[in-house]
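The values are calculated or read from the model by the stated rules, or taken from the named source; none is laboratory data. None of the values given here were measured: they were computed from a predicted structure. Please note: Cβ atoms are built from the backbone with ideal geometry, for glycine as well, and neighbour counts cover all protein chains shown. Side chains are part of the model used for accessible areas, which takes the heavy atoms of the whole protein and leaves out ligands, DNA and RNA. Shrake-Rupley method; radii C 1.70, N 1.55, O 1.52, S 1.80 Å.
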Amino acid sequence: MTDTQKRVAFVTGSTSGIGLGIVRKFASLGYDIIITGICEQSVIDEIQKEFKQNYKGECTYVSADFTNQDEIQAMCENIIKKYPNGIDILVNNAGFQHVAMVDEYPIKIWNDMIAVHLTASFLLIRFFLPFMKKKGWGRIVNTSSQMGLISTPGKTPYSAAKAGLIGLAKGTALEAAPYGITCNCICPGYVETELVIKQIKKMALDENKSFEDKRSEFFGSIHPTKKAVSIDQVAGLVSYLCSDEAGSTTGSSISIDGGYTAQ
Ligand code: NAD
């Protein structure tokens, strides 16, 4: 298969933020894309309208709450109804953040954290890998985080889930390598999406600062580059990992964090 042939890419958590940036990038390459995420119908309508106007490939929405394994299974079966040969690219990107000290962390949120980030990714790899093996080509990318490589107080369960994705990618990469399938992790630093904006709002409140002041202080100091990582930069990395050129990159965890974890 060459890069110019039409591919089908399924990106989870693609109704906003990083995932939406990744599907825009894939759509610009002419791929059919499958989006999913928890949001209002109007958001899905807007995305599908944008894709119809700007790109050649199809944009299909499928729904599932990733804390519910039955919903994930039904979502996968719906995808196969539309694409009986399966997908070519899977990006496990859905996620959320909850900041609290480990001794006060709600057990329900721990369970959801592991379910959405790690178990859902395992289930999707488990479901779609046989189709990729049959094709003799496939690309899987897990969105881990700089917090999968290190941690910080308040993000212990998030780090545990993100570190789990790195292990999941390594094992999958080894099992899938003979079939022309790669599996990698990306480890982004702070990207200005809803997930981070919520954290900055909370910090601004705690420190009695305006959101704008806290936002520029945060992004001006958090990474050695003194800038947020951009959605386009992350989408560009994922697009590379899903290309033919990246066929020898597998089992890797690639930092895209403005130097944060180099310190
Ligand atoms: P976002 O909030 O914009 O997007 C999160 C996506 O995940 C949304 O589409 C949302 O609907 C989906 N999602 C959340 N809970 C879900 C559930 N229960 N079931 C199904 N889908 C669910 O945030 P983002 O920053 O774009 O995050 C995307 C990924 O990138 C996440 O895995 C996040 O942990 C990771 N990440 C983000 C940053 C950052 O700085 N923003 C850094 C490193 C890693």
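Annotations for the structure displayed:
- Theoretical FRET efficiency, 1/(1+(r/R0)^6), r = Cβ-Cβ of residue 227 and residue 28, R0 22 Å, to 0.05: 0.40
- Only protein atoms count toward the accessible area here, which uses a 1.4 Å probe; on the range 155-236, the carbon and sulfur part of that area reaches 56 percent.
- A 1.4 Å probe run over the chain, with the rest of the protein chains in place, finds 47 Å² accessible per residue.
- For the range 159-172, 3J(HN,Hα) per residue [Karplus equation, 6.51 cos²θ - 1.76 cosθ + 1.60, θ = phi - 60°, Hz, x = Gly/Pro]: 4, 4, 5, 5, 5, x, 5, 5, x, 4, 5, 5, x, 4
- Kirkwood hydrodynamic radius over Cα pairs of the range 74-173, then Stokes diffusion coefficient at 4 °C and 1.567 mPa s, in µm²/s: 89
- Each of residue 179 and residue 54 was given a label point 7 Å from its Cα along the Cα-to-Cβ line. The distance between the two points is 3.3 nm.
- Placing a label point 7 Å from the Cα of residue 73 along the Cα-to-Cβ direction, the residues of the range 79-98 with a backbone N closer than 17 Å are 79-81.
- Spatially, the range 26-68 and the range 133-173 are offset by 23 Å when compared through their Cα centroids.
- The range 78-92 residues near the modelled residue 63 label - backbone nitrogen below 17 Å, point 7 Å along Cα→Cβ: 78-79
- Separation of the residue 126 and residue 43 label points, Cα + 7 Å toward Cβ, nm: 2.7
- Local net charge near residue 161, Cβ-Cβ under 11 Å (Lys/Arg +1, Asp/Glu -1): +1
- Under the simplified labelling scheme, the residue 201-residue 6 pair shows an inter-label distance of 4.0 nm, with each label point 7 Å from Cα along Cα→Cβ.
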